[in-house]
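The values are calculated or read from the model by the stated rules, or taken from the named source; none is laboratory data. Computed from a predicted structure; not experimentally measured. Ideal geometry is used to build each Cβ from the backbone, glycine not excepted, and the neighbour counts take in all protein chains shown. Ligands, DNA and RNA are excluded from the accessible area calculation, which covers all protein heavy atoms including side chains. Shrake-Rupley method; radii C 1.70, N 1.55, O 1.52, S 1.80 Å.
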Amino acid sequence: MDVEPQRLKKFLLDAELITEENFNKALDKAKKLNKNIGEVLVSEKLIGQEKLTKFQAYLLGIPFVDVGKETIPPEILNIIPEQIARVHNIIAFRKLGNNLEVAMLDPEDLITVEFIKKTDPLLKILPRLTTPEGIKSVLNQYQKPLDVEFMDIMEADPKLIDYIGGSLPHAYRQAGAGRQEKIDVGKSGDLMKATQELPIIRIVDALLKHAILQGASDIHIEPLEKEISVRFRIDGMLRKVMALPITSSYIIVARIKVLSNLKLDEHRLPQDGRFKIETDDYKYSVRVSVLPVFNGEKVVMRLLAENAIVQNLEKLGFTGAALEQIRNNLIRPTGMILITGPTGSGKTTTLYAMMDIINTPDVNISTVEDPIEYRMPRINQTQVNTAIGLTFASGLRALVRQDPNIIMVGEIRDSETAGLAINAALTGHLVLSTLHTTEAAGAIPRLIDMGAEPFLISSTLNVIIAQRLVRKFHGDKEKYKLKPEHLKNLARYCDLDRVLQILKEEKLVKNGDTLEDVILYRPKPSKDSPDGYKGRIGIVEVLTVNEKIKKLIVQKTSTREITIQAKKDGMRTMIEDGFVKAVKGLTSIEEVLRVIIE
């Protein structure tokens, strides 16, 4: 499918979406590379793929559909077999009577249209134009549920039943409390061979594939007394996806150990490793932790997308004065910016968003991370490797000799790293890092506990950010208003008068309104989103270290007093920011309280 270049050019110029010079350069490049002009315009970032496709649809007189947002019933999706859909980029997504709407990248592909008609001569095919991303997203809907796919693998591979049924020889010994402990499972060569057989490879690959397609950040494989529980962490919440026979535990764990280059015959000590998986659709780095537990060995796999796109601060939940304060501090040449929060609160993602803002050709940015979660151009990224002595502290010590303007330390874990980071900030560098504390002001006593001098902290610290991640609404939501009992509960966690004042400042409520007049929302479960949530956004607090805060730091004032002063200076706490997002309809107040209380 193609639109005549000069016609497309006139349309884009009339819409003032591109300059004539840029279009002509793209056209010359398209001719040299023998490519479609649209491909070059998108690859050169002169126009977005969706916007271009909409214009092409308009010029061709074909309706455009964003099929990626559709949840298609299986009986309609399967009208076109998966193999045909993948090869020809065509999706059946809506059927009314004999009219079948199909989303395509090339509506002029008449051969495929005729092929579909042959399956049912009564069908009338109605072509619609969509984007490659939309097709790619819907193709994932052909996937069977994990438990169904597992049973298909079992039925297709009789060897798997033998392995899971316990055909590998093993012995046991008494381990106290009447419990038996497995001490050997066949010869190591036999076990290694078993982990490389196709049946076991397929079952582990299926676990990884389904976790990635569902957007999981972690896979938990937990041996219980009578079964193996498989859970995925999606949007911060653990969800059980299936149970496996307990007899399959040993061989599945062994396969993961082989992938991670861990010791197959070690069952008493924890082990950590990593491996990579790569297909045409995705590329992931997988961190593996194996831990001995009562019923065997528990495995947790952390999934890190290597081709993930760095998000901007606005999409992460930073708005208004908080966003402005961060941007103002990012342009300062020296000092320290800290991000605090528990594990899984999005600290590293925020760090990358900041580095993306300041990543220009005229600065040298160096990092020391564990792990490197995103690959960024022009940034020198170093991976911590404690096995050979490359720690945050030793890596940071080396970085300062690399003539950096900006240094990012993945985490300040000990007094040595804290001292080196502060010293780097004092000697003309901008330092970005993270700390594990529950609130922004808590970073200061935490640094003092690590041995940092208060007067050095006050001299180097520019801003402290605390954050949590809350789930966002997906689909319809239900309106409601706060009742007296709700307000009584909320008063335990925040100053309700202050919250009301903030809502008025944001123009989310009228001047005469009370909190009982505020409209809040609850999620509505749907087939596409069983709990009514999908995706996450940050709730944040940004503490700027001004002269008043510096004096409190030197005086070793308590976290509470620093927070009180910061609020007087205009800082909004995380729960206050969460309240604003709840009133805007982005999340629920229950979700905000869940992450704050935890």
> Which entries in K136/K283; K45/K472; K240/K298; K69/K581; K283/K347; K507/K548 show an alpha-carbon gap greater than 19 Å?
Replying inline: K45/K472; K69/K581; K283/K347; K507/K548
> Assuming R0 = 22 Å, what is the FRET efficiency of I277 and E133, from their Cβ-Cβ distance, to the nearest 0.05?
Replying inline: 0.55
> Taking the Cβ of V286 as the center, what net charge do the other residues with Cβ under 9 Å away carry, scoring Lys and Arg +1 and Asp and Glu -1?
Replying inline: +4
> Got a sec? What order do I372, I539, I357 fall in by accessible area at 1.4 Å, biggest, i.e. largest, first?
Replying inline: I357, I372, I539
> Nearest 0.05, what FRET efficiency do D476 and Y58 give at R0 = 45 Å with Cβ-Cβ as r?
Replying inline: 0.90
> Which of these values of mean projected area of the Cα convex hull in nm² was calculated from the structure shown: (1) 35.0; (2) 51.6; (3) 32.0?
Replying inline: (1)
> Gap in Å between the Cα centre of region 199-266 and the Cα centre of region 293-330?
Replying inline: 24
>> Loop only by DSSP, 11 or fewer other Cβ within 10 Å of the Cβ. Give me the trypsin sites (Lys or Arg not before Pro) in region 1-76 that pass, ordered by residue number.
In response: K45
>> Projecting each Cα onto the charge dipole of the chain (Lys/Arg +1, Asp/Glu -1 at the beta carbon, about the Cα centre), which of I62, L304, L500 comes out farthest on the positive side?
In response: L500
> What is region 405-464's relative contact order, in percent, from Cα pairs under 8 angstrom and six or more apart in sequence?
Replying inline: 38
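Please report Rg over Rh for region 492-597, where both radii come from the alpha carbon positions and Rh follows the Kirkwood definition. Let's see the in-between values first.
On the way: Rg = 16.5 Å, Rh = 15.6 Å.
Ratio of gyration radius to Kirkwood radius: 1.06.
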>> I need to check one value: relative contact order of the chain, counting alpha carbon pairs closer than 8 Å and at least 6 residues apart, in percent.
In response: 8
>> Given a 1.4 angstrom probe, what's the average accessible area per residue across region 305-356, in square angstrom?
In response: 42
>> 5 Å is the cut-off here: which amide hydrogens, built 1.01 Å from N in the peptide plane, fall below it relative to M242, excluding neighbours closer than 5 in sequence?
In response: V230
> Once the piece of chain linking D120 and E108 is laid out straight, how much longer is it, given 0.36 nm per residue of separation minus the C-alpha distance between them?
Replying inline: 2.3 nm
> Which GluC sites (Glu not before Pro) in region 89-140 pass both tests, a DSSP loop state and at most 14 other beta-carbon atoms within 10 Å?
Replying inline: E108
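Nearest 5 is fine: what % of DSSP beta bridges in the chain come out antiparallel, could you say?
65
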> Accessible area, 1.4 Å probe, largest first: how do D120, D265 sort?
Replying inline: D265, D120
>> Multiplying the sequence separation of S43 and E453 by 0.36 nm and subtracting their Cα-Cα distance, what value in nm do you get?
In response: 142.5 nm
> Once you sort the root eigenvalues of the Cα gyration tensor of region 470-551 as a ≥ b ≥ c, which label holds: rounded (a/c under 1.5), prolate (a/b larger than b/c) or oblate (the other case)?
Replying inline: oblate
> What residue among T437, L12, I76 has its Cα farthest toward the positive end of the dipole of the chain, where the charges are +1 on Lys, Arg and -1 on Asp, Glu, each on the Cβ?
Replying inline: T437
>> Taking loop as defined by DSSP and a crowding limit of 13 other beta carbons within 10 Å, which trypsin sites (Lys or Arg not before Pro) in region 499-541 fit?
In response: K507, K510, K527
> Which distance in Å, rounded to a whole number, links the C-alpha centroids of region 355-398 and region 494-541?
Replying inline: 38
>> Over all directions, how big on average is the projection of the convex hull of the alpha-carbon atoms in region 241-370, in square nanometres?
In response: 12.0
> Residue by residue through region 389-400, which ³J(HN,Hα) values in whole Hz follow from phi under the Karplus form 6.51 cos²θ - 1.76 cosθ + 1.60 (θ = phi - 60°), with glycine and proline marked x?
Replying inline: x, 8, 9, 4, 5, 5, x, 5, 4, 6, 4, 5
> Given R₀ = 35 Å, FRET efficiency for D531-A398 by Cβ-Cβ distance, to 0.05?
Replying inline: 0.15
> In debye to the nearest 20, how big a dipole does the chain give about its Cα centre with +1 on each Lys and Arg Cβ and -1 on each Asp and Glu Cβ?
Replying inline: 740
>> What distance in nm separates the two pseudo spin-label positions at A243 and L508, each 7 Å out from Cα along the beta-carbon direction?
In response: 4.2
